Amino acid sequence: MLSEKEIKQNFKEKIQKDPEKYFPVKTLKNLDFKRYKCNNCPNYFWSIEKNDYCGDPLCSGGFRFINKPVTKNKLDYLKVWEKFSKIHKDLGYTPIKRYPSVARWNPTTDFTIASIAAFQPFVVSGEIEPPANPLVIPQFCLRFNDVDNVGLTGHFTGFSMMGQHAFVKPEKYDINKYLKDHLTWLNKGLGLKNKDLVIHEDAWIGGGNLGNSLEFFSEGLEISNQVYMQYEINNEKINELKIKVLDMGQGQERAAWFTQGTSSSYEATFPEVIKYLKQQTGIKTNEDLMKKFLPYSSYLNVDEVKNIDSMWKKISQNLKVKENELRNEILPSAALYSIAEHARTLLFAITDSALPSNVAGGYNLRTIFRRAESFMEKYYWNIDWNKLIELHANYLKPLFPELRENLEDVEKILKNEKSKYQSTKQKSNQIIVNLMEKEITEKDLLTLYDSYGITPETIKEEAIKLKKEIKIPPNFYALISALHEKKEQKYQTVKEETLDLNNLPETELLFYNDEKAVNFEAKILKVIDNKVVLDKTLFYGTSGGQLHDTGYLERYEVIDVFRQKNITVHVLRENPEFKINDTIKGKIDWNRRYQLMQHHTTTHIVNAGAKIVLGNHVNQAGAFKDVQKARIDITHYQPVSEAELKKIEEESNRIVNKKIKIEKSFMPKSEAEKKYGMLIYQGGVPIGKNLRIVNILNTDVEACGGTHLDNTSEAGLIKILKSNKISDNIVRIEFKSGKAAEAELNLENDILDRVSKLLNCTKEQVPGRAEELFMKWKKVIKKKSFTKDDFILTSNKKEEGSDEKLLKKTAEILKTQPEFIPKTIKRFLDEIKNNL
């Protein structure tokens with residue numbers, strides 16, 4: 001089977017044989033561009049003036065715009081988008097706000113990696129309408145394949161891709177117009193003349209789509225890329241898309257850098273942060289050396305150069321500077337730029353509800369945080385993370401005002417991440433000492449970082465002290481990220497079974513019309529042993545973490561219900577005597593349904609309560625709703641304390657007592673996203689053009705297909721049972737509501753009554769007596785001398801609080817769970833009695 005790389009290469013060779021068919025040759029020729037082939041690489045390119053070499057820096061002599069930009073206009077970072085959006089608006093494009101950098105709407109990826117990714121997969125496939133058409137967007141993107149290049153080559157882990165997009169039917173697709181529009185921006189916006197452009201022919205592949213593309217170079221820098229996405233790949237076959245897509249992406253950072261010609265892209269992108277860091281670190285750049293070095297910086301791309309050390313040597317020879325002297329001058333500045341860049345990426349990602357962790361995308365965030373920390377330690381820099389992110393947020397406020405709204409949460413999360421890093425480092429000292437006794441391999445370095453958080457820089461410093469040679473892979477952090485790309489977290493409960501249901505229509509779900517209905521009539525469509533398919537039903541099938549309804553179809557008991565795609569299957573206790581097209585009566589178990597409705601709505605309420613107490617980074621990562629109890633898994637960076645848990649319970653009950661109306665409605669996915677944002681996707685992405693929106697007014701809005709109450713007051717009492725951390729950034733909260741919560745309270749009262757009788761004391765005295773009993777029991781275990789009088793319980797110490805608090809205190813003393821307290825006390829008393 002061909003890889004994506006092979007498919008792309010084959011397609012590229014095909015389209016380059018027939019440029020008139022695949023590229024906007026008409027516009028290029030009208031503007032006096034001519035086609036050439038590079039003498040140094042296989043690239044075909046277009047330029048007005050004859051060139052022997054393409055625009056790639058490795059072919060054309062590196063970056064040549066530094067300190068001598070060829071553009072007429074000099075634009076700062078924010079001015080770039082302002083001008084870009086205005087020019088495109090005049091051309092008929094609608095500017096829209098960015099999507100989150102965390103791609104909650106896309107089940108196939110963690111982060112938004114390009115501006116077009118904001119519209120994948122559903123808009124690109126034609127399943128839903130775009131928010132505007134055509135449009136432009138300042139999409140902040142996250143990519144971690146170039147971490148090792150950040151600071152040196154102008155690469156970023158987080159960047160704003162200015163997207164120019166259109167989604168049209170084939171007959172209206174006009175690549176010549178799209179090229180004209182882009183050149184209008186480059187000419188008028190940047191002030192770049194066509195004679196200074198080199199335009200490459202290329203191909204693009206991603207997300208199951210394929211397209212011919214043009215890459216725009218000037219003075220050795222790729223400044224933009226316009227993809228004409230017209231094909232989809234299915235089993236290696238290339239088919240035309242029903243909706244053809246214009247996908248032009250240009251880094252806002254590169255545009256600012258290119259027009260300013262600053263010594264680095266980082267100086268042009270976040271000048272205030274760089275100024276602060278230089279003041280804090282005392283770094284004084286050798287401007288003369290930096291000017292000479294920067295045109296060669298593109299040669300140090302670890303993805304494109306096989307031997308980085310030899311490239312450093314080559315550059316130093318060209319500059320007539322000793323290699324060590326060159327590294328000592330350049331690398332501290334690269335470290336400073338990396339810290340600035342990584343801080344901005346973390347600010348965006350955490351604002352958009354991502355958390356550093358040891359799993360999947362979250363691990364990339366942890367990696368860049370620790371990379372920045374290792375630079376601070378290496379150079380003994382005292383840098384305030386809070387100050388860094390505040391400077392970034394203040395500078396970006398005109399374009400991204402939302403960054404200032406969650407600064408407090410971001411600060412807490414980074415403080416916690418630093419604490420974890422420091423704790424890991426303390427444990428690692430002995431590991432490093434032991435490691436120095438053997439030869440250290442690349443695998444050792446990766447394992448040490450992955451398992452203990454020990455950076456390769458830390459190991460190398462120790463090795464230098466011992467005069468030991470260690471080689472660190474130049475793409476070390478890319479290798480680390482690759483280790484975690486395939487790891488996934490799954491907390492959803494999904495029930496799957498495969499039956500032959502071909503040619504059956506979608507089941508009409510009656511409970512969406514009336515969730516409190518109990519009885520219904522329906523027609524039999526298919527019977528497979530004890531499994532029955534109806535044309536419509538009131539029975540809810542297990543999905544979205546909510547368990548199924550039970551009840552009856554005629555006299556046959558329904559013991560299970562599940563969904564196979566859009567068809568509901570009823571599982572009966574016995575094989576029925578139904579015939580196809582029979583009309584039958586059904587009845588659900590209302591008490592079970594209502595308790596499940598209470599627990600499902602309470603899941604939304606507790607999620608809202610947790611956000612209020614813990615912060616806006618909280619999102620649902622999964623849930624399970626049974627009749628006895630329910631649970632929600634939320635994103636949070638540390639265990640939830642007892643005090644926080646109590647506050648969440650109080651906030652949840654406050655929402656119940658407010659008697660808030662709950663609105664439930666279906667609406668087009670694009671409309672729902674536009675109205676409520678991407679946080680409607682809590683714990684999963686529903687499939688289909690339409691979403692069912694459950695809106696607890698001014699409190700919580702989610703896309704959810706479960707059964708729900710009409711008002712928060714119907715949830716009744718909410719009782720949170722416990723919480724525990726189930727992974728690095730996931731906390732599970734268990735709870736009950738309604739009758740299940742009332743039963744829990746009665747159970748607590750019953751346990752406390754039984755225990756107080758066993759200990760012959762009041763409820764308030766139970767914790768004190770339990771502690772006294774525990775200490776006396778330990779004497780028995782240790783076989784110490786004692787008399788009968790030693791075991792008379794006399795403590796009258798009283799504790800204030802609810803039954804729940806008294807039980808929790810007693811359980812902590814006895815090192816058991818509340819429900820096991822009576823058995824534990826009885827065992828202690830029996831063991832003492834038997835040893836007297």
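I'm trying to understand the selection: among the residues of the stretch 395-404, which are out of contact with any Leu (no Cβ under 9 Å at 6 or more places or on another chain) and in contact (Cβ under 8 Å) with a residue 60 or more places away in the chain? The answer is 400, and nothing else. Residue pairs whose Cβ atoms lie under 6 Å apart, sitting 6 or more positions apart in sequence or on different chains, and linking a residue in the stretch 737-765 that is in contact (Cβ under 8 Å) with a residue 24 or more places away in the chain to a partner that is open to solvent by less than 20 Å² (accessible area, probe 1.4 Å) and small (Gly, Ala, Ser), are 737/715; 763/756.
Contact map, the stretch 670-692: residues that are under 13 Å from residue 705 (Cβ atoms) and in contact (Cβ under 8 Å) with a residue 24 or more places away in the chain paired with residues that are in a loop (DSSP other than H, G, I, E, B) and hydrophobic (A, V, I, L, M, F, W, C), Cβ distance under 8 Å, separation 6+ or inter-chain. Pairs shown: 681/105; 682/704; 685/105; 692/704.
For residue 353, are the conditions met, namely being in contact with a strand residue (DSSP E or B) (Cβ under 7 Å, 6 or more places away or on another chain), closer than 27 Å to residue 617 by Cα and not aliphatic (A, V, I, L, M)? Here the answer is yes, as residue 353 does meet what is asked. The residues listed here are 159, 84; of these, the one that is outside any loop (DSSP other than H, G, I, E, B), closer than 30 Å to residue 371 by Cβ and either in contact with a helix residue (DSSP H, G or I) (Cβ under 8 Å, 6 or more places away or on another chain) or touching a residue at least 24 places away in the same chain (Cβ under 8 Å) (or both) is 159. Only one entry of 356, 398, 456 meets the criterion of being of a type outside the set (D, E, K, R), closer than 29 Å to residue 138 by Cα, modelled with pLDDT of 70 or more and open to solvent by less than 70 Å² (accessible area, probe 1.4 Å), and that entry is 356.
Only one of the listed residues (84, 122) is closer than 14 Å to residue 245 by Cβ, over 15 Å from the mean Cα position of the chain (by Cα) and either open to solvent by 50 Å² or more (accessible area, probe 1.4 Å) or among the aromatic types (Phe, Trp, Tyr) (or both). That residue is 122. Looking across the stretch 587-614, just one residue is open to solvent by 10 Å² or more (accessible area, probe 1.4 Å), touching an Asp or Glu at 6+ places or on another chain (Cβ under 7 Å) and outside any helix (DSSP H, G or I), and that is 589. Would you mind stating whether residue 10 is in contact (Cβ under 8 Å) with a residue 24 or more places away in the chain, of a type in the set (S, T, N, Q) and either in contact with a strand residue (DSSP E or B) (Cβ under 7 Å, 6 or more places away or on another chain) or part of a helix (DSSP H, G or I) (or both)? Criteria not met by residue 10. Select from the stretch 809-836 the residues that are assigned to a loop (DSSP other than H, G, I, E, B) and farther than 14 Å from residue 767 by Cβ and list them in ascending order. Within the stretch 809-836, 817, 836 meet the criteria.
Restricting the stretch 812-836 to residues that are under 44 Å from the mean Cα position of the chain (by Cα) and of a type outside the set (Asp, Glu), which is surrounded by the fewest Cβ atoms within 10 Å (Cβ to Cβ)? It comes out as 815.
Scanning the stretch 162-180 for residues that are open to solvent by 10 Å² or more (accessible area, probe 1.4 Å) and assigned to a helix (DSSP H, G or I) turns up 170, 171, 172, 175, 176, 177, 178, 180.
The values are calculated or read from the model by the stated rules, or taken from the named source; none is laboratory data. Just so it is clear, the structure is predicted and the values come from calculations on it, not from any experiment. Don't worry about glycine lacking a Cβ; one is built from the backbone with ideal geometry, like all the others, and counts go over all protein chains shown. Heads up: the accessible areas ignore ligands, DNA and RNA and are worked out on the full protein's heavy atoms, side chains in. Shrake-Rupley method; radii C 1.70, N 1.55, O 1.52, S 1.80 Å.
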